[in-house]
Structure formats: C-alpha cells, structure tokens
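One structure is given below, encoded as structure tokens.
The values are calculated or read from the model by the stated rules, or taken from the named source; none is laboratory data. This one's a predicted model, so the numbers in the text were calculated from it and none came from an experiment. Counting neighbours? That spans all protein chains shown, and the Cβs are built from the backbone with ideal geometry, glycine included. The protein model used for the area step is the full one, side chains on, heavy atoms only, and it has no ligands, DNA or RNA in it. Shrake-Rupley method; radii C 1.70, N 1.55, O 1.52, S 1.80 Å.
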Amino acid sequence: MVRRPRTVQVPPGATTVRIPAQRGAKNAPPVVVLVSEPASSWSSRLARAAGGWAWHHRAAWAPTAYAVLAYVLAAIVHVIAPWMVFVLAPAAPVPLLAWWWTRVKQPERTGEHPGRLLTAAVLAVLATAWAAALVHCGPLAVALAWSWVGLTVVVQVFWLVVRRSK
C-alpha cells in the first residue's frame with residue numbers, strides 16, 4: 001500500500017480550494033485545486049455576492065427562471081417544430097378543466113384555499129396559451145414579449161404571496 005502525503009506543497013501566492021471526497025470514494029485522495037491568484041477584484045466580489053444571493057433565494061425566484069426557460073424553449077420549438085402549436089393550443093384549457101373536475105368530483109381534495117388552485121389553473125392556462133402563440137408567431141413578436149413580461153410578473157407575485165401565507 002502506497003501512502004500519500006497529507007499535505008500538498010503550494011507555491012507562494014497561490015490559493016488552494018479543497019474539495020471533500022465524494023460519496024463512494026472512501027480511500028480516494030482529496031482533490032486540491034490551485035488558483036494562481038486570489039479572486040479579489042470588485043467584479044469577482046460582485047459576482048460572488050450576486051451568485052450567493054441568487055442561490056440563497058433560488059426557491060423564491062423559481063417562477064422567473066421557469067419563465068425564461070419557457071421563452072427559450074418556445075423560441076426553439078418555433079424554429080424546429082412549428083406544428084407544435086397544434087398540440088399546445090388544445091392543451092391550454094387542460095389545467096382549468098382539471099381544476100373543475102377536481103372541484104366537482106373530489107371537493108375534499110381542493111383543501112383550504114380553492115381560490116389559489118383556481119388562480120394557479122388560470123395562470124397555467126394563460127402560460128400555455130402564450131407558449132402556443134409564441135410557437136406560432138415567433139419570439140420576436142413584441143406583443144408576446146410584453147405579455148410574457150406581464151405574465152412572469154403576475155406569476156412571480158402570486159408565488160411569493162402563496163409562499164409567505166403558508
């Protein structure tokens with residue numbers, strides 16, 4: 001058995017970052033990353049602070065991230081498969097129909113706040129209809145871009161209000 005040294009020689013002026021051993025690698029040596037100079041510029045500090053803030057609040061900003069992803073995916077689908085509008089448009093009322101079905105057939109499943117479910121269903125219908133329109137018209141349609149901004153703001157506010165009121 002070869003014994004590895006516990007310490008690693010680091011050149012002067014270098015910064016080390018130790019990455020802990022991963023699961024399943026019990027006897028693997030630690031990974032050490034050498035960085036030539038410490039990241040102390042204002043831009044790196046600002047990027048680190050913004051990244052830390054975004055990571056800390058990632059659940060609160062999930063609707064905005066999904067909205068950006070939906071815009072990009074709808075733009076790609078517009079280019080690759082514009083026929084998907086014939087799938088998205090009929091699928092738009094499905095969340096509202098699911099809410100109605102649950103309300104009629106299983107009213108006990110709606111919980112204490114049925115208005116929240118109705119609001120979520122209406123927002124899902126609007127988002128699906130918007131995606132169908134974007135797939136049909138393209139990502140450069142100004143009216144659809146502004147409706148995306150408005151819908152994103154409404155969904156983000158709804159998300160924050162529902163999360164705080166639990």
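Worth a mention:
- His78 vs. criteria under 23 Å from the mean Cα position of the chain (by Cα), at pLDDT 65 or above, farther than 27 Å from Val161 by Cα and open to solvent by less than 100 Å² (accessible area, probe 1.4 Å): yes
- Scanning the range 152-165 for residues that are under 22 Å from His113 (Cα atoms), open to solvent by less than 80 Å² (accessible area, probe 1.4 Å) and in contact (Cβ under 8 Å) with a residue 12 or more places away in the chain gives Val154, Val155, Gln156, Phe158, Leu160, Val162.
- Residue match in the range 122-144 (condition: aliphatic (A, V, I, L, M), open to solvent by 40 Å² or more (accessible area, probe 1.4 Å) and touching a Phe, Trp or Tyr at 6+ places or on another chain (Cβ under 6 Å)): no
- Of the residues Arg103, Arg116, Arg109, the single one that is part of a helix (DSSP H, G or I), open to solvent by 40 Å² or more (accessible area, probe 1.4 Å) and in contact (Cβ under 8 Å) with a residue 40 or more places away in the chain is Arg116.
- Qualifying residue in the range 59-71 (condition: over 25 Å from Phe158 (Cβ atoms), polar (S, T, N, Q) and assigned to a helix (DSSP H, G or I)): no
- Some residue of the range 70-83 being out of contact with any helix residue (DSSP H, G or I) (no Cβ under 9 Å at 6 or more places or on another chain) and within 17 Å of Ser147 (Cβ to Cβ): yes
- Failed criterion for Thr102 (all others in (1) modelled with pLDDT under 95; (2) under 20 Å from Pro63 (Cβ atoms) hold): (2)
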